[in-house]
1. Can you work out which of the residues in segment 26-42 that are crowded, with 22+ Cβ neighbours inside 10 Å and touching a helix residue (DSSP H, G or I) at 6+ places or on another chain (Cβ under 9 Å) is nearest to residue 130 (Cα to Cα)?
2. Would segment 231-238 turn up any residue that is in a helix (DSSP H, G or I), surrounded by fewer than 16 Cβ atoms within 10 Å (Cβ to Cβ) and touching a helix residue (DSSP H, G or I) at 6+ places or on another chain (Cβ under 9 Å)?
3. Can you spot a residue in segment 212-222 that is assigned to a strand (DSSP E or B), within 23 Å of residue 26 (Cα to Cα), in contact with a helix residue (DSSP H, G or I) (Cβ under 8 Å, 6 or more places away or on another chain) and touching a residue at least 24 places away in the same chain (Cβ under 8 Å)?
4. So residue 106 passes all but one of these: (1) in contact (Cβ under 8 Å) with a residue 24 or more places away in the chain; (2) out of contact with any helix residue (DSSP H, G or I) (no Cβ under 6 Å at 6 or more places or on another chain); (3) part of a loop (DSSP other than H, G, I, E, B); (4) surrounded by fewer than 20 Cβ atoms within 10 Å (Cβ to Cβ). Which condition number does it fail?
5. Mind listing whichever residues of segment 166-198 are in contact with a strand residue (DSSP E or B) (Cβ under 7 Å, 6 or more places away or on another chain) and either at pLDDT below 95 or surrounded by 14 or more Cβ atoms within 10 Å (Cβ to Cβ) (or both)?
6. Evaluate the following for residue 127: is it in a loop (DSSP other than H, G, I, E, B) and closer than 23 Å to residue 41 by Cβ?
7. Taking segment 134-151, which residues are more than 27 Å from residue 242 (Cβ to Cβ) and either assigned to a strand (DSSP E or B) or out of contact with any helix residue (DSSP H, G or I) (no Cβ under 6 Å at 6 or more places or on another chain) (or both)?
8. Just to be sure, is residue 89 at pLDDT 95 or above, under 17 Å from the mean Cα position of the chain (by Cα) and closer than 19 Å to residue 163 by Cα?
């Protein structure tokens with residue numbers, strides 16, 4: 001099973017998304033061999049370009065899923081005020097898949113910025129965590145939500161994947177990140193595979209995109225890769241993070 005995580009930076013221009021970038025990101029997804037079973041996109045904002053992008057991918061064989069409200073009855077699909085949404089694209093060939101809100105008792109209440117995906121016995125949460133430098137209070141609350149969730153998933157096959165905005169030592173994000181990994185029940189898959197921790201995933205030159213998973217799921221990991229293609233071409237300011245499981 002293959003997962004692709006990418007911060008699309010609202011198609012390379014946060015205030016004015018471009019079709020050129022949207023089309024190139026779509027082509028990138030479709031050109032992957034084998035294609036991803038699940039695509040998790042961060043920094044998606046409702047717009048004509050964004051709606052067109054998702055409509056095309058639905059015709060290409062993906063089902064578009066939005067984060068759920070805590071009440072479980074509605075999503076942010078029509079929330080034009082949401083500045084940053086995490087969106088999931090699920091292959092129509094993938095069975096036994098359910099979209100959930102994984103964090104019902106939330107301090108941050110930033111539900112548009114996480115999406116829960118259950119696939120059989122596998123639990124995935126796509127995340128976009130605020131910066132601990134520019135938004136420390138919001139970041140702390142979000143990390144508290146993530147830490148509380150993770151404690152319940154230690155004995156399960158579970159993964160947190162996405163833009164976590166954690167790099168700078170001494171920030172609340174760094175402290176919470178280290179707290180999350182300290183029991184060794186959850187691992188940084190890129191680092192665990194003996195890759196360099198100085199590998200940047202965004203234009204800032206820092207590694208801020210991660211795949212964190214329980215030891216139980218890590219045993220099934222066959223590959224993890226960081227692909228700079230879209231970032232080099234300026235279609236977005238982030239590299240793609242790709243993980244595969246047997």
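1. Our first condition is that a residue be crowded, with 22+ Cβ neighbours inside 10 Å; within segment 26-42, this holds for 36, 38-42.
This time we only want the ones that are touching a helix residue (DSSP H, G or I) at 6+ places or on another chain (Cβ under 9 Å), so: 36, 39, 41-42.
Working: 36: 26, 39: 20, 41: 15, 42: 11 Å.
Per the criteria, the residue is 42.
2. Here is the first cut: in segment 231-238, the residues in a helix (DSSP H, G or I) are 231-232.
From the residues that got through so far, the ones that are surrounded by fewer than 16 Cβ atoms within 10 Å (Cβ to Cβ) too are 232.
Those left that are additionally touching a helix residue (DSSP H, G or I) at 6+ places or on another chain (Cβ under 9 Å): none.
Among the residues of segment 231-238, not one is in a helix (DSSP H, G or I), surrounded by fewer than 16 Cβ atoms within 10 Å (Cβ to Cβ) and touching a helix residue (DSSP H, G or I) at 6+ places or on another chain (Cβ under 9 Å), which makes the answer no.
3. Kept after step one, since they are assigned to a strand (DSSP E or B), are these residues of segment 212-222: 212-214, 221-222.
Pick out the ones that are also within 23 Å of residue 26 (Cα to Cα) and you get none.
No, segment 212-222 has no match at all.
4. It is condition (2) that residue 106 fails.
5. Within segment 166-198, 180, 181, 185, 186, 187, 188, 189, 190 qualify.
6. So residue 127 fails the test.
7. At the first step, the residues of segment 134-151 found to be more than 27 Å from residue 242 (Cβ to Cβ) are 134-138, 140-141, 144, 148, 151.
Residues satisfying the conditions are 134, 135, 137, 138, 141, 144, 148, 151.
8. Values: at pLDDT 95 or above: yes; under 17 Å from the mean Cα position of the chain (by Cα): yes; closer than 19 Å to residue 163 by Cα: yes.
Criteria met by residue 89.
The values are calculated or read from the model by the stated rules, or taken from the named source; none is laboratory data. Please read all numbers here as calculations on a predicted model, not as lab measurements. Methodologically, a virtual Cβ is constructed for each residue, glycine included, from the backbone with ideal geometry; neighbour enumeration extends over all protein chains shown.
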